[in-house]
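See structure below.
The values are calculated or read from the model by the stated rules, or taken from the named source; none is laboratory data. Small disclaimer: the values here were computed from a predicted structure and weren't measured. Neighbour counts run over all protein chains shown; Cβ positions are idealised from the backbone, glycine included. Accessible surface is based on the protein model in full, side chains and every heavy atom, while ligands, DNA and RNA are left aside. Shrake-Rupley method; radii C 1.70, N 1.55, O 1.52, S 1.80 Å.
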Amino acid sequence: MTKGGLFISFEGIDGAGKSTHIEGLAHAFREQGRVVRLTREPGGTPLAEKLRDIVLNDGMDAMTEALLVFAARRDHLRQVIEPALAADAVVLCDRFTDATFAYQGGGRGFDLALLSVLEEMVQEIQIAGANLLRQPHLTIWFDLSAEVAAQRLAGARMPDKFEAQSVEFFRRVAAGYLHRMKESPGRFARIDAQCTREMVWQQVLSALRSRGWLA
Ligand code: TYD
């Protein structure tokens, strides 16, 4: 089993069912004696949580939305993610930059090239004198069709700004995730999120085990 810091992000359209599996993995890593830092985006620091509240509830154009999520991400990286990785923790992050490419890029149609510029500015880190781009070591993508996700969300709690979007919006978000995965296939584990919760969990476990990160 690896001992160094691990950064794992979890992605998928609203309704894809990430939450219980993130909790399950936190438990599995802790059982192996690892220190786990559970966090989320937008959010994860007091400042970023304030920005989350604004992004999820206030109307704004796509560029404003993109700038706010990257501002939140910058604070989150500096205050939480980088220190945790430096201390060899396992960082389990509910959404990261792929969500920006999927929601602001795919869903809202914001310029992907500009998102890439922001990604490079915000996620640049220095290790041993070299500039690197901080990315998750692994992104677990819960892939679910927009139609099934809409059925699961119907009747759930009060929807936020994104959850209230049309099926067509979520089709574009899902296409945005697929596009991101094709750009970095080695970073992604694509999970078929349409089957039972237990079968989804088995897929999540095998993604971690095949990399030698869980026993
Ligand atoms: P979500 O992660 O689904 O949390 P919860 O299940 O507690 O509501 O909510 C975050 C929402 O923010 C989700 O609809 C996706 C959206 N989002 C963006 O639009 N851009 C981003 O960069 C991120 C991280 C999230």
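Taken over the chain, the percentage of Cα pairs per 5 Å bin, counting from 0 up to the bin with the maximum distance, is 1, 7, 15, 20, 21, 18, 12, 5, 1, 0, 0.
Magnitude of the charge dipole for the stretch 6-210, about its Cα centre and with charges confined to Cβ atoms of Lys, Arg (+1) and Asp, Glu (-1), is about 380 debye. Average accessible surface for the chain: 47 Å² per residue, computed with a 1.4 Å probe over protein heavy atoms with every protein chain in place. Quick one: work out the % antiparallel among DSSP beta bridges in the chain, nearest 5. The antiparallel fraction comes to roughly 15 percent. Element breakdown for the chain at a 1.4 angstrom probe: carbon and sulfur atoms account for 55% of the accessible area. In straight-distance terms, cross-link reach from residue 50 covers every one of the lysines whose alpha-carbon lies under 28 Å from its own, apart from those fewer than eight places away in the same chain; here that gives 18, 161. A Gaussian network model of the chain, with springs between Cα atoms under 10 Å, assigns the largest mean-square fluctuation among 43, 17, 155 to 155. Put the Cα centre of the stretch 129-193 next to the Cα centre of the stretch 46-102 and the gap is 15 Å.
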